[in-house]
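Student: Before I ask anything, let me first share the structure, which is written out below as structure tokens.
The values are calculated or read from the model by the stated rules, or taken from the named source; none is laboratory data. Nothing here was measured: the structure is a model prediction, and the numbers come from that model. Cβ placement follows ideal geometry from the backbone for every residue including glycine, while neighbour counts extend to all protein chains displayed. When the accessible area is computed, the model is the full protein with side chains, heavy atoms only, and any ligands, DNA or RNA have been set aside. Shrake-Rupley method; radii C 1.70, N 1.55, O 1.52, S 1.80 Å.
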Amino acid sequence: MKATRNHLLLILGAAVLLLAYVWQHIEGIRLGYRLERLQGEVARLHNAVVHQRVRLSSLTALERVGMVAKETLGMRSPRPEEIITIPHDLPGL
Amino acid sequence: MNRRRLLVPFVGCIVLFISLGVRLLWIQIIRHGALEDRAQRQHYRILKSQAARGIITDRSGHVLAMSVEFPEPKRVYPERELACHVLGVVGADQQGLAGVEFVAEAILRGVPLQYQIGRDALGRPIATTGRGWRAGTQDRLIPPVSLALTLDRTLQYLAEQVLEQGMRETRAKRGIMVVQDPSTGELLALVNRPGFDPNQWQGDLPILSNAAVSQTFEPGSTFKLVTAAAALEERLVGWEDRFFCENGEFVVDGFTIHDHEPKGDLPFHQVMAYSSNIGMAKLGLHIGKERFYRMARAFGFGSVSSSGLPGESPEVGTTALQMVNAYAAIANGGVLMEPRILRGVQAVPTSRERPRAIRRVCSPPTCAVLTQLLEEVVETGTGTKAWVPGYRVAGKTGTAQKFDRQAGRYSPTRFLSSFCGFLPVEGPRLAIGVFIDEPQGVSWGGEVAAPLFARFATQAMQYLGVRPTSPAPHPTVASAVTTSQPARLDLP
């Protein structure tokens with residue numbers, strides 16, 4: 001009776017170990033698929049960041065800003081007497 | 001009998017097991033390497049690509065050139081014409097053809113990438129485990145290198161605006177402006193006009209030429225700085241030493257030299273202020289050609305400056321960059337700095353990142369006197385239109401006749417007008433050179449280039465937040481304008 005129980009426990013233990021091995025193998029494969037999807041997503045987002053950076057640089061190009069200021073907002077360059085220079089080395093700045 | 005009947009299947013089983021064992025040995029041990037390779041080839045795939053070409057930024061990190069996938073790699077210059085001659089262009093294969101794109105090709109070129117992905121039985125990608133990786137594989141996402149230039153985007157823009165406006169006003173053929181930090185040699189702006197949009201470049205090679213570093217010219221009176229420096233350094237002249245300026249015409253070695261305004265006796269400081277060719281020629285004869293040549297070489301004329309820009313000319317004659325660098329040397333107390341355009345690569349310090357002094361050209365006392373001479377040029381001499389409200393300016397005008405190769409003589413109608421100087425005199429922040437090629441109408445450097453210097457310098461001082469130090473209005477700004485023709489060097 002005792003020997004049968006020991007055999008059963010041994011088989012059960014082996015089955016658990018086998019299941020654990022199979023589970024981690026399947027989990028590894030599942031994570032592999034997920035990791036690959038995420039790497040694709042990272043590459044896509046990286047490309048999007050590059051595009052947005054180029055767009056930002058184009059939109060803030062000084063030539064464009066000057067054109068928008070003059071043509072859209074009706075601004076003009078200040079006359080010399082209208083400019084007050086604030087030195088960078090002024091205390092508190 | 002029974003034993004014989006059992007022996008047959010037993011031996012059969014033994015043979016079978018031995019066969020299986022041998023096969024197993026063949027597969028698992030003898031052919032292990034080859035079969036594993038085959039399995040890996042089926043399961044894994046090596047992909048090759050190229051990391052994106054590096055980014056070029058100004059000194060503050062503003063993007064000037066960047067590569068994007070559209071879906072093919074494409075080089076984009078967001079600021080369009082800004083600093084086009086400095087940046088250069090790339091070809092269809094994304095290889096630098098001119099400017100920084102060309103000289104920094106080794107830094108900017110994207111590194112080749114090789115990485116491995118796994119595939120399942122259906123060909124779907126699956127991340128590999130450590131077991132599958134082979135030597136030489138890399139991360140598939142390597143951020144592009146970022147190369148910072150010494151240029152300041154805003155100063156570059158202001159310089160371009162002022163130069164373009166000046167060229168429209170004078171209907172000039174070409175224009176150059178160079179802006180340098182005298183203490184470090186860093187180029188803060190470098191403009192050639194006409195320009196081009198590198199995004200739209202169609203293969204026109206001549207337009208890529210960076211004339212500021214590659215085009216030599218006869219500099220005209222801005223070169224008098226060298227004569228004066230040689231004389232002062234050798235203690236051959238004093239502030240009040242007098243020169244007879246022959247009332248406007250002087251023949252030496254068969255050449256007739258004219259002054260734009262006939263003068264009699266002039267002290268040395270006024271010879272410089274009025275830009276007397278005759279007074280300066282006499283000083284030159286007094287110095288002697290060897291001393292003069294030595295000083296010209298010391299200032300870097302006739303040699304390549306290692307600015308990091310391609311196409312620099314070592315010919316006899318001067319380039320705009322050499323001339324501004326010479327004035328920058330006077331501004332910083334006499335040390336010729338290496339003009340630099342490359343500031344650094346990302347956070348990695350490069351050998352180019354630190355300012356490098358080439359040599360001491362003249363002593364601080366000589367520089368102090370030269371600065372006084374140049375300041376007088378702006379206060380009472382030919383350069384009054386370079387005056388900048390609130391700041392003390394030192395500089396020199398230049399008006400050079402261009403040599404007409406076809407006619408074999410100096411052209412009476414084609415000039416190169418220039419102004420080189422620095423400010424503020426108390427602690428120079430900028431050395432600036434303006435060169436206008438073949439202006440129409442008035443050709444004097446003091447009339448054509450000096451106002452552009454003042455226009456740019458006024459805006460630059462405000463942008464840099466330099467505190468004004470000279471509140472008094474200019475004493476002679478309206479009275480010193482001259483209308484006679486430029487000095488002429490007549491060939492016999």
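Student: Please tell me if B:V252 is of a type in the set (A, V, I, L, M, F, W, C) and closer than 24 Å to B:L423 by Cβ.
Tutor: So B:V252 fails the test.
Student: Okay, moving on. May I ask you to list pairs of residues, at least six apart or on different chains, whose Cβ atoms are under 8 Å apart, with the first in the range B:402-416 being touching a residue at least 40 places away in the same chain (Cβ under 8 Å) and closer than 13 Å to B:V442 by Cα and the second being open to solvent by less than 40 Å² (accessible area, probe 1.4 Å) and hydroxyl-bearing (S, T, Y)?
Tutor: Matching pairs, first to second residue: B:F415/B:T399; B:F415/B:S443; B:L416/B:T399.
Student: For the range B:36-54, state whether one or more residues are out of contact with any helix residue (DSSP H, G or I) (no Cβ under 6 Å at 6 or more places or on another chain) and at pLDDT 90 or above.
Tutor: no
Student: Output the residues belonging to the range B:1-57 that are of a type in the set (G, A, S) and either closer than 30 Å to B:E69 by Cα or open to solvent by 70 Å² or more (accessible area, probe 1.4 Å) (or both).
Tutor: B:S49, B:A51, B:A52, B:G54
Student: Another one. Starting from residues that are at the interface with chain A (Cβ under 9 Å from one of its Cβ atoms) and free of Cβ contacts under 8 Å to residues at least 40 places away in the same chain, keep the ones in the range B:71-127 and report whichever is farthest from B:D204 (Cα to Cα).
Tutor: Top of the filtered list is B:D120.
Student: Does A:A69 satisfy the criteria of being modelled with pLDDT of 90 or more and facing chain B (nearest Cβ under 10 Å)?
Tutor: The answer is no for A:A69.
Student: Also: Somewhere in the range A:56-65, is a residue open to solvent by less than 50 Å² (accessible area, probe 1.4 Å), facing chain B (nearest Cβ under 8 Å) and among the hydrophobic types (A, V, I, L, M, F, W, C)?
Tutor: yes
Student: Hey, another quick one. Right, A:G92: modelled with pLDDT under 90 and either over 39 Å from the mean Cα position of the chain (by Cα) or part of a helix (DSSP H, G or I) (or both) or not?
Tutor: Criteria not met by A:G92.
Student: If B:E438 satisfies every condition in (1) touching a Leu at 6+ places or on another chain (Cβ under 7 Å); (2) open to solvent by less than 50 Å² (accessible area, probe 1.4 Å); (3) closer than 24 Å to B:L190 by Cα but one, which is the exception?
Tutor: (1)
Student: Let me ask you something else. Please indicate, with yes or no, whether at least one residue in the range B:58-79 is over 27 Å from the mean Cα position of the chain (by Cα) and open to solvent by less than 40 Å² (accessible area, probe 1.4 Å).
Tutor: no
Student: Which of the residues belonging to the range A:31-42 are charged (D, E, K, R) and open to solvent by less than 40 Å² (accessible area, probe 1.4 Å)?
Tutor: Within the range A:31-42, just A:E36 meets the criteria.
Student: Going by the structure shown, is A:L45 of a type in the set (A, V, I, L, M, F, W, C), within 27 Å of B:G61 (Cβ to Cβ), facing chain B (nearest Cβ under 8 Å) and open to solvent by less than 100 Å² (accessible area, probe 1.4 Å)?
Tutor: Criteria not met by A:L45.
Student: Only one of (1) under 18 Å from the mean Cα position of the chain (by Cα); (2) open to solvent by less than 70 Å² (accessible area, probe 1.4 Å) fails for A:G28. Which number is that?
Tutor: (1)
Student: Would the range B:454-465 turn up any residue that is in a strand (DSSP E or B), modelled with pLDDT under 90 and within 12 Å of chain A (Cβ to nearest Cβ)?
Tutor: Looking for residues that are in a strand (DSSP E or B), modelled with pLDDT under 90 and within 12 Å of chain A (Cβ to nearest Cβ), one finds none in the range B:454-465, hence no.
Student: Would you mind telling me which numbered condition in (1) crowded, with 22+ Cβ neighbours inside 10 Å; (2) more than 14 Å from every other protein chain (Cβ to nearest Cβ); (3) at pLDDT 90 or above B:L158 fails?
Tutor: Condition (2) is where B:L158 drops out.
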